[in-house]
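Working notes for the structure below.
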Amino acid sequence: MSDPKLDLNLQFAVKKSERPRRSNFRRWAKAALKVDAEVALRVVDEAEGLALNRDYRGKDYATNVLTFAYGATAGHGSLSGDIVICAPVVAREAAEQGITLEAHFAHLTVHGMLHLQGYDHETDAEAVTMESIESFIMRRLGFSDPYDDPAAVDD
């Protein structure tokens, strides 16, 4: 069985100094992928993050990551979706948690990719499953377990 194919469209609405390199996002997204997928991953500023969270979730604050899953792409059988990561929120949370910016961006990329594939954390059982997968992937990528700090993801 071959590795899943990832068609990743990276978009940045922040300065290079405020986010990791493109190749890192690609590596992190690929590490969490179990099926073929077409994904747009956009790193945004606080204003865009707030507007999206308000418009699509009814929450009047910028959150760290939003995932919009569209299901399978017609004729291709691959998943399709958008992941939005808010750089200022990521920076703030990384500082508060005492972790590197790169580690937090990696975790949120993995988290968003898992949401895209149907994982969730609405119930305790779902959270345990999703968090254990995230922890495994993060360790495999060379990062520490993000759930050593229970405030690691806030979506």
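Take the residues in region 1-38 that are in contact (Cβ under 8 Å) with a residue 60 or more places away in the chain and aliphatic (A, V, I, L, M), then tell me which one is farthest from residue 90 (Cα to Cα). This residue is 35.
Of the helices (runs of 4 or more DSSP H) contained entirely in region 10-111, those carrying at least 2 residues that are of a type in the set (Val, Ile, Thr) fall at 87-97. How many residues are under 22 Å from residue 7 (Cα atoms) and of a type in the set (Ser, Thr, Tyr) when one looks only at region 101-149? Residues in region 101-149 being under 22 Å from residue 7 (Cα atoms) and of a type in the set (Ser, Thr, Tyr): 2 in total. Of all the residues in region 116-155, those that are under 19 Å from residue 8 (Cα atoms) and either modelled with pLDDT of 95 or more or outside any helix (DSSP H, G or I) (or both) number 4.
If you filter region 1-43 down to residues that are surrounded by 15 or more Cβ atoms within 10 Å (Cβ to Cβ) and small (Gly, Ala, Ser), you find that the one that is farthest from the chain's Cα centre (by Cα) is 13.
The values are calculated or read from the model by the stated rules, or taken from the named source; none is laboratory data. The model shown is predicted, which means the values in this text are computed figures rather than measured ones. Every residue, glycine as well, gets a Cβ built from its backbone with ideal geometry; the counts of neighbours run over all protein chains shown.
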